[in-house]
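Following: one structure in C-alpha cells, then a few remarks.
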Amino acid sequence: MDTGLAMHAMRGGGDLSAVVQQLLEKYGKPVPEAWRVVDAPPPTVPGHGLTLVPGWSLLGTPSAEGCVPLLPWRSERRFQELKRLVEGQTIDPVLMCRFSCMTDGRTMDLSAMLYREFDLAEWLTGAPIVAVTAAIEAKRWANVILRLESGVVCSVEASTSLPPGTDRLDRHELIARRGVACDGVVDTQVPQSSVYAFTVEGNRQYTDTDAELFGLSPGEVCLARSAYELLSNLACLEAIREQHRRLADLVRLATESDRRRERLSV
C-alpha cells in the first residue's frame, strides 16, 4: 500500500499517534514506550509515558507531568524555507520582521497566537527576544513590538475577530538590507487552495502539502511531523520544555506591558 494512502486510511480512525508510529517504523527509528499525540491536553495525564501536545494549549494550565509541548509550526514548509533564506544569507542582514495573524478565536485564542508568533520571531531570526511593548484590547486584538538581541525589530499584529468558521489568515515578512522574504504571494491576502470543487452540495477546497501524509489537514501534518522529530531525538526534550517556559513568560510579559503601558525587558 502506498505510504500516503496508508496514512489516509489510519486517519479514518482518528488516531494521529498511529500516523507518527508508522513514520518512526518506516525510517527505522526506535519507538518509545507509552506515548501519544493529541491536539489538546487531556483532563488528566497518566503519571507514566509522554503526551505530546501543541505548546500553546498548555498556557494557563498547571504543568502536567508527562505533557510535552510541541512547536508544530516549525515543521511547516513555508517557515522552514524562510529560515533557510536567513541561514543561507540569501537575505542579509535581517533588520525588521512584520508578522500578522488573524483567527476566529475558536482554535487559538490571543495568548496562543502570541505564543506562536513569538517563537517564530526567535526561531526564524536565530536571536532571542530581549524587550516587549504590547497594546492589547479586550483580549481580542494585540499590537506588539519585539526587540531581539541581534537588534532586529519585529512587529506582531494579532486578532481573534474573524467570523466563526473562518480559516486562519497570517503573513510573515522578513525585511533585510539585501532582500525581502515573505511566506505569502505578493499582494495575496487570502491563502489560495490547490483544488476547488463547486458542487450542488456546496463548495469545498483542498490543499495537500505533504505527499507522504496525504489526506491529513495542514495542522495534523505539522503536529505529526513535530512529534516524529521529537520522538526521533528525545535528547532535545528538555530544550523544548525550556523554550515552552520561555514563551509562556513572554506571553505574560506582553500582558504586563499592556497593563503598565510601557516597554519591558526580558
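The values are calculated or read from the model by the stated rules, or taken from the named source; none is laboratory data. These numbers were taken from a predicted model, which means no experiment stands behind them. Glycine gets a Cβ as well: all are built from the backbone with ideal geometry, and neighbour counts include every protein chain shown.
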### Selection within the range 140-157 - in a loop (DSSP other than H, G, I, E, B) and surrounded by fewer than 19 Cβ atoms within 10 Å (Cβ to Cβ)
Arg140, Glu149, Ser150, Gly151
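Residue by residue, here is whether (1) farther than 18 Å from Ser265 by Cα; (2) modelled with pLDDT under 95 holds:
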position: Leu58; (1), (2): yes, yes
position: Arg74; (1), (2): yes, no
position: Arg78; (1), (2): yes, yes
position: Phe99; (1), (2): yes, no
position: Asp119; (1), (2): no, no
position: Asn143; (1), (2): no, no
### Message
Test of understanding: among Glu229, Glu262, Glu212, which residue is touching a Ser or Thr at 6+ places or on another chain (Cβ under 9 Å), within 20 Å of Asn143 (Cα to Cα) and of a type in the set (Asp, Glu)?
### Response
Glu262
### Message
I'm told Ser194 meets every condition in (1) loosely packed, with under 10 Cβ neighbours inside 10 Å; (2) in contact with a Lys or Arg (Cβ under 9 Å, 6 or more places away or on another chain) except one. Can you identify the failing condition by its number?
### Response
(2)
### Message
Can you tell me which residue is farthest from Trp123 (Cα to Cα) among those in the range 60-72 that are among the hydrophobic types (A, V, I, L, M, F, W, C) and at pLDDT 95 or above?
### Response
Leu70
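Please go through the range 177-208 and give me each residue that is assigned to a strand (DSSP E or B), more than 23 Å from the chain's Cα centre (by Cα) and of a type outside the set (Ser, Thr, Tyr), ordered by number. Spell out how you get there, then give the answer.
Kept after step one, since they are assigned to a strand (DSSP E or B), are these residues of the range 177-208: 177-178, 180-182, 195-199, 202-206.
Subsequent filtering for residues that are more than 23 Å from the chain's Cα centre (by Cα) retains 177-178, 195-199, 202-204.
Matches in the range 177-208: Arg177, Arg178, Val195, Ala197, Phe198, Gly202, Asn203, Arg204.
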### Query
Do you know which of the residues in the range 222-232 that are aliphatic (A, V, I, L, M) and closer than 14 Å to Gln22 by Cβ is surrounded by the fewest Cβ atoms within 10 Å (Cβ to Cβ)?
Leu231
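Considering each of Ala239, Ala235, Ala211 in turn, give the residue that is surrounded by fewer than 12 Cβ atoms within 10 Å (Cβ to Cβ) and either at positive phi or not in a helix (DSSP H, G or I) (or both). Reasoning before the result, please.
Values: Ala239 fails: either at positive phi or not in a helix (DSSP H, G or I) (or both); Ala235 fails: either at positive phi or not in a helix (DSSP H, G or I) (or both).
None of the other options fit; the residue is Ala211.
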### Task
Six or more apart or on different chains, Cβ under 6 Å: which pairs go from a residue in the range 85-113 that's free of Cβ contacts under 8 Å to residues at least 12 places away in the same chain to one that's β-branched (Val, Ile, Thr) and surrounded by 16 or more Cβ atoms within 10 Å (Cβ to Cβ)? Could you list them?
none
### Message
For a quick check of your reading of the model, give me the residue pairs whose first member lies in the range 211-226 and is closer than 15 Å to Ser57 by Cβ, whose second is of a type in the set (Lys, Arg), with beta-carbon atoms closer than 7 Å and at least 6 apart or on different chains.
### Response
Ser226/Arg74
### Query
Give me the pairs: first residue in the range 231-248 and within 14 Å of Ile129 (Cβ to Cβ) and modelled with pLDDT of 95 or more, second residue hydroxyl-bearing (Ser, Thr, Tyr) and surrounded by 15 or more Cβ atoms within 10 Å (Cβ to Cβ), beta-carbon distance under 6 Å, and six or more apart or on different chains, which are they?
Leu247/Tyr115
